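First up is the structure itself, then whatever we jot down about it.
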Amino acid sequence: MKMKNKYRKVVFVILFGAMIIIASRSALFASYVVEGESMEPTLDDGNLLMVNKFVYDLTEVDRFDVIVFRANEKEDYVKRVIGIPGDTIYYQDDKLYINGNYVEEDFLQEYAQATLSNKTYTENFSLEEVTGETKVPKGKLFVMGDNRGESLDSRAFGFIAQTQLVGKVDVKYWPISQASLSLGN
């Protein structure tokens, strides 16, 4: 009888622990499916992602983080952070300038060169032209898809509020052949 009670306690502890892990996992991380081509070549349609939902409670958003945010009540978007509060941004001749300094986008180089022979990958624009603001306002972010010609992003809908953030994309885990822990930043 004592042995039977001991096994019940062990099973109970294991099941209780498993429930806590499952519950905390969903509170801390979320799984997302990429829909569309706006983040190619970094993310492809159908990729599965693990999104860290608590990281921005501990640290600030960094430029070039790949994030998921609430676009509206029904949709979440995945984009790359280009501008953080206080930044001035413009593109000229396929080059990104932040606060007057040229900033390389290594995550785009190979893809942009392979897809375009002598065309511009990212059309020229300034932050003021597309948003009416000279700097990214406090509490806001300027985001873009990596597939610059096929992305609905801040050039079209303006800044996103940091309160819209779901989290940072930490892991691309499907398909296994494309699994990655780093998404270019």
*³J(HN,Hα) computed for each position of segment 70-82 - Karplus, 6.51 cos²θ - 1.76 cosθ + 1.60, integer Hz, glycine/proline x*: 6, 7, 7, 5, 10, 10, 10, 10, 10, 8, 10, 6, 9
*Please arrange 58, 96, 152 by counting, for each residue, the other beta carbons lying within 10 Å of its beta carbon, fewest first.*
58, 152, 96
*Ordered by residue, what ³J(HN,Hα) values in Hz, to whole numbers, does segment 155-171 give under the Karplus form 6.51 cos²θ - 1.76 cosθ + 1.60, where θ = phi - 60° and Gly and Pro are x?*
5, 9, 10, x, 5, 10, 7, 4, 5, 7, 5, 8, x, 9, 6, 9, 9
*For 77, 90, order by how many other beta-carbon atoms lie within 10 Å, fewest first*: 90, 77
*Based on the Kirkwood radius over alpha-carbon pairs, what value in µm²/s does the Stokes-Einstein equation return for the translational diffusion coefficient of segment 30-178 at 37 °C and 0.692 mPa s?*
208 µm²/s
_Footprinting exposure proxy for 94, 45 (fewest neighbouring C-beta atoms within 10 Å first)_ = 45, 94
_Interchain or long-range residues, amide H under 5 Å from residue 125's placed H_ = 91
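Bear in mind that the values in this text are calculations on the coordinates, not laboratory data. These numbers were taken from a predicted model, which means no experiment stands behind them. Reconstructed Cβ throughout: ideal geometry from the backbone, glycine too, with neighbour counts over all protein chains shown.
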